[in-house]
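The values are calculated or read from the model by the stated rules, or taken from the named source; none is laboratory data. It should be emphasised that the depicted structure is a prediction, and the values quoted were computed from it without experimental measurement. So basically every Cβ, Gly included, is an ideal-geometry build from the backbone, and we count neighbours across all protein chains shown. To get the accessible areas, we keep the full protein, side chains included, count just its heavy atoms, and leave off ligands, DNA and RNA. Shrake-Rupley method; radii C 1.70, N 1.55, O 1.52, S 1.80 Å.
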Amino acid sequence: MEGKVFYVWFDAPIEYIGATEEWADANGTTWRDWWRTDEGADDVRYVQFMGKDNVAFHTVSFPATILGSGEPWKTVDTLKAFNWLNWYGGKFSTSQKRGVFMDQALELLPADYWRWHLTAYGPEHSDAAFTWEQFQSTTNKDLADVLGNFVNRIVKFTESKFEGVVPQGGALTEVEQSFLAQLKGGIAEATANLEDMEFRKAAQSIRALWVLGNEYLQVAAPWTAFKTDPERAATATRFALNLVALFARLAAPVIPASAEKIAASVGSTDLSWPSADEDLLAAVPVGRPVAAASVLFAKIEDEQVAEWSARFGGAEG
């Protein structure tokens, strides 16, 4: 091989197979049925995720290597590529100290803040520019004002008016039935978006369901009903507490750590993805204790944006 050049994109993807074998050996399981179509890999759904600059290597170079071997290796079924995430319209640059990188980002805020923003507003179908100002706005609106506000309002109300346990109440009214129908439609939409790997659309579908929860509280207004009709207030509270458990499940694929806290506030541990056909009001039974978590999502303040812009570069960088 002296004098020969071995192109990295020839051998690098082969390590996908090698890494699977290494994992299987370490865990005492098989790997060939993941990769060999003559040993069961025909049942495997193989999806790749990557940046757009790597598409050619995974759609031409690696498949050509596999096909050229003449052996029955599994080839990719779906390739999902993402565009560039830019920094205020320009490139991230370590030398110019422009941009926040993952180790630094996690020192500033919990991972879920970044997970949500990069999923809901990331460069999926076109390049996207990260700015601290947009990050502040979307985080505060989506996580603090919509999701966090809904969860804290109803759980704290339960603690205050129903001794911190899920009340019985009466039968659901047309108000609950109407919102339940909308929720089921929204779950079906979010599910379809996730299955299509349309992640920005899925995030917005999930957010729309959280918004429905806040709209329900505005319409049902259990704090107002409690003054004249405690049973009606109890019905609305029980309905909303089950929405807390549902919203945790909807949040789990994107913000898993926060989803655990939200579910725990109503004594739930189920973070599986919901089906529009299941009973969405059975997760939080009557009599179960609930407890408000500490602040789920602290708002990003202007002072923090100014500090981070100066440290990592911003519009002036």
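First measure r as the distance between the Cβ atoms of Ala19 and Asp145, then evaluate 1/(1 + (r/R0)^6) with R0 = 35 Å and state the FRET efficiency to the nearest 0.05.
Once rounded, the FRET efficiency stands at 0.25.
Once you've got the Cα coordinates, tell me which of Lys97/Lys261; Lys4/Lys91; Lys201/Lys299; Lys4/Lys97; Lys74/Lys261 are over 28 Å apart.
Lys97/Lys261; Lys4/Lys91; Lys4/Lys97; Lys74/Lys261
Taking the Cα centre of the chain as origin and charging only Cβ (+1 Lys, Arg; -1 Asp, Glu), how large is the dipole, in debye to the nearest 20?
So the magnitude is around 920 debye.
I'd like to know which of Trp23, Thr138, Val44 lies farthest towards the positive end of the charge dipole of segment 17-153, counting +1 on Cβ of Lys and Arg and -1 on Cβ of Asp and Glu.
The residue sitting farthest along the positive end of the dipole is Thr138.
If amide H atoms are built 1.01 Å from N in the plane of the peptide, which residues on other chains or at least 5 residues away come under 5 Å of the amide H of Arg98?
Ser93
Calculate the length of the line joining the C-alpha centroid of segment 107-175 to that of segment 1-35, in whole Å.
41 Å
Can you compute the helix-only [θ] at 222 nm over the chain? Use -39500 (n - 2.57) per DSSP H run of at least 4 residues, normalise by all residues, nearest 500 deg cm²/dmol.
Helix-only estimate at 222 nm: -15500 deg cm²/dmol.
Is any helix in the chain, taking whole DSSP H runs, at least 24 angstrom long along its axis by alpha carbon and on average at least -0.5 on the Kyte-Doolittle scale, and which ones?
Passing helices, by number: 174-195, 199-220, 230-251.
Go ahead and collect, in residue order, the members of segment 230-250 whose backbone nitrogen is under 15 Å from a label point 7 Å along the Cα-Cβ direction of Glu278.
The answer is 242-250.
How many nm separate the modelled label positions at Gln96 and Glu195, each set 7 Å beyond the Cα in the direction of the Cβ?
Label at Gln96, label at Glu195, 4.5 nm between them.
Taking Cα pairs under 8 Å and at least six residues apart, what relative contact order does segment 28-182 come out at, in percent?
18 percent
For Arg311 paired with Glu71, estimate the spin-label separation in nm (one decimal), with each label point 7 Å from Cα along the Cα-to-Cβ line.
For the pair Arg311/Glu71, the computed spacing is 4.9 nm.
Compute, for Asp43, the solvent-accessible surface of its heavy atoms (probe 1.4 Å) with the complete set of protein chains present, and express it in square angstrom to the nearest 10.
Rounded to the nearest 10, the figure is 140 Å².
Using modelled backbone amide H atoms (1.01 Å from N, in-plane), which distant-in-sequence or interchain residues come within less than 5 Å of Ile300's amide H?
Amide H neighbours of Ile300, under 5 Å, 5+ apart: Asn140.
Roughly what % of DSSP beta bridges within the chain run antiparallel, to the nearest 5?
Roughly 35 percent of the DSSP beta bridges within the chain come out antiparallel.
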